[in-house]
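The values are calculated or read from the model by the stated rules, or taken from the named source; none is laboratory data. Note that this is a predicted model, so its numbers are computed, not measured. With ideal geometry, Cβ positions are generated from the backbone for all residues, glycine too; neighbour counts draw on all protein chains shown. Only protein heavy atoms, including side chains, enter the accessible area calculation; ligands, DNA and RNA are left aside. Shrake-Rupley method; radii C 1.70, N 1.55, O 1.52, S 1.80 Å.
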Amino acid sequence: MSVQTDRTDTGTAAAPGVRKTDVPPPDDTGIRKGKGKGERPAGGRGGASAPYVLLLPALLATVILLGWPLIKNGMLSFQNLNPRQLILHLTEWRGFDNYTDVLSSEDFWKVVQRTVVFTAVNVVLTMVLGTLVGLLLARLGKRMRLVLLLGVVLAWAMPVIAATTVYQWLFAQRFGVVNWLLAKAGWTSMADYNWFGTQLSTFSVITLLIVWQSIPFVAINLYAATTTIPKELYEAASIDGAGTWKSFTSVTFPFIRPFLWATTFLEVIWIFKAFPQIFAMNKGGPDRLTETLPIYAFVEGPGNQHYGMGAAISFLTILILLALTAYYLRTVLKQEEDEL
């Protein structure tokens, strides 16, 4: 039995309920023309370049305000620029002699070691105390949290020089509040104690000031991080019998770990390059024993009018910060790859 199939005439009526659509004819390659699923709409290229166009003003401002001074500082670090050269408008190139003199100086390496220790102590204290305050904010009631947040923000908003002046008054040898309180508490020998007379005591006051100024940033960041943790996880941990410490290590810490890492890195940079607190407090004294790299660069440069030497020290400081930044970015990228 044979079955004959007839070709449907295009002019016949379409079946009821079926809409007839015009299908574009195929081109020479046999592919029908029309909008494919992955075809870009008109103006797609312009839309893709829009973010880069919006970034141009910020990039231009960065190049002008940061890039150009950095280039000028790098050029200055290869010159012998003293008052004589400034007055006579002379340009004397020294090559790498400024860097050789700095790197062969024993004082420079003492300052580097002092800066690293100073940064490490301040960062550890800031992160520990800031984390505790941030976790406290997460556990307080609404009213007490508002009061604590207000105090933290006010401490953060105080200008650096104003805060430094207040600390100078608090720790003044005569008429200082701290000495007066210690004398009233029974330590009569502290009545006229000079807090800025030794390296350790001066660094103690500066550390207290910097930690006090840095805690608000860490606390608010980590409190914001805790608000992203689902409450169901804490309920599940409580049902499993987890205590406070176990809930922190298994629930809280994994969520706030990226925030901790990023905040620690920012604190390292900010404290490493801290200048106004140290210089305004005691100008790197006594006997230049509290100078860190930024203070050392300023004293050797504009202070002693050896501008080329100061530029070389500041450029080495920038290189150290760039190395820290590269290490941080490498670690972050490695963590992202491990998570994937």
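Which FRET efficiency value, to the nearest 0.05, is calculated for Met75 and Leu322 with the Förster distance at 22 angstrom and r the Cβ-Cβ distance?
For Met75 and Leu322, the calculated efficiency is 0.75.
Just to be sure I understand the model, the point goes 7 Å from the Cα along the line to the Cβ. What's the resulting Leu136 to Val116 distance in nm?
Reported label-point gap for Leu136 and Val116 is 3.4 nm.
To the nearest 10 Å², what's Trp187's accessible area with a 1.4 Å probe?
150 Å²
Whole Å is fine, so just give me how far the alpha carbon centre of the range 116-166 lies from that of the range 239-312.
15 Å
Run the 1.4 Å probe and let me know the accessible area of Thr165, rounded to the nearest 10 Å².
70 Å²
Sorted by accessible area with a 1.4 angstrom probe, largest first, how do Met158, Met190, Met281 fall?
Met158, Met190, Met281
Determine the share of the chain's accessible area contributed by carbon and sulfur atoms, expressed in whole percent, with a 1.4 angstrom probe.
65 percent
How far is helix 44-62 tilted off the main Cα axis of the chain, in degrees rounded to 10, range 0 to 90?
For 44-62 against the chain, the angle is about 10 degrees.
May I ask you to rank Thr164, Thr188 by accessible area, largest first, using a 1.4 Å probe over the protein chains only?
Thr188, Thr164
Compute the distance in nm between two label points, each set 7 Å from the Cα along the Cα-to-Cβ direction, one at Leu149 and one at Ile64.
That separation, rounded to one decimal, is 3.8 nm.
Rounding to the nearest 10 and keeping the result within 0 to 90°, find how far the Cα-based axis of helix 199-226 lies from the longest principal axis of the chain.
So the helix axis and the longest Cα principal axis differ by about 20 degrees.
Quick one: order His306, His89 from most to least accessible surface, probe 1.4 Å.
Correct descending sequence by accessible area is His89, His306.
Holding the Cα-Cα limit at 29 Å, pick out from Lys72/Lys273; Lys72/Lys283; Lys110/Lys184 the pairs that are longer than that.
In this structure, Lys110/Lys184 lie more than 29 Å apart at Cα.
Give the angle, between 0 and 90 degrees and rounded to the nearest 10, that separates the Cα long axis of helix 253-272 from the longest principal axis of the Cα atoms of the chain.
For helix 253-272, the angle is close to 50 degrees.
Quick one: accessible surface of Asp192, probe radius 1.4 Å, all protein chains present, in square angstrom to the nearest 10.
Roll a 1.4 Å probe over it and Asp192 shows about 100 Å².
Give me the one-decimal nm value for the distance between modelled label points at Thr226 and Tyr193, 7 Å along each residue's Cα-to-Cβ direction.
Taking the two extended label points, one gets 3.3 nm.
Ordered by residue, what ³J(HN,Hα) values in Hz, to whole numbers, does the range 100-107 give under the Karplus form 6.51 cos²θ - 1.76 cosθ + 1.60, where θ = phi - 60° and Gly and Pro are x?
5, 5, 5, 5, 8, 7, 5, 4
So what J values fall out for the range 296-310 if you push phi through Karplus, 6.51 cos²θ - 1.76 cosθ + 1.60 with θ = phi - 60°, rounded to Hz, Gly and Pro as x?
Values, residue by residue: 4, 5, 5, 5, 6, x, x, x, 9, 6, 10, 5, x, 5, x Hz.
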